[in-house]
Amino acid sequence: MRSVTTEVLYGSPVDELVARSGGLAKLVVEAHPSFPTYTVGGTVRGILAHAQCPVVIVR
């Protein structure tokens, strides 16, 4: 069984997660699509655009 590490960070979510994505095998983020377009928000789009590892979006 693999271990899971949790960290609490302060600052911009995009900046903090993108900075750490270089050392990750996979980054999992939760998104709440907004009605009626069902698109993800700016934070998730920023992470997708700049992450240095694969990003998984869960609802």
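Packing around the peptides 26-37, 4-15, taken as the average count of other Cβ atoms within 10 Å per residue, puts them in this order, highest first: 26-37, 4-15.
Net charge dipole, the chain: roughly 200 debye, given to the nearest 20, about the Cα centre with Cβ charges of +1 for Lys and Arg and -1 for Asp and Glu. What translational diffusion coefficient, in µm²/s and rounded to a whole number, does the Stokes-Einstein relation yield for the chain at 20 °C and a viscosity of 1.002 mPa s, taking the hydrodynamic radius as the Kirkwood radius over Cα pairs? Here the translational diffusion coefficient equals 172 µm²/s. When only Cα pairs below 8 angstrom with a gap of at least 6 residues are kept, the chain shows a relative contact order of 41 percent.
Every number here is computed from the coordinates shown, using simple stated rules; none is lab data. Since the structure is predicted, the reported quantities are computational estimates derived from the model, not experimental observations. Ideal geometry is used to build each Cβ from the backbone, glycine not excepted, and the neighbour counts take in all protein chains shown.
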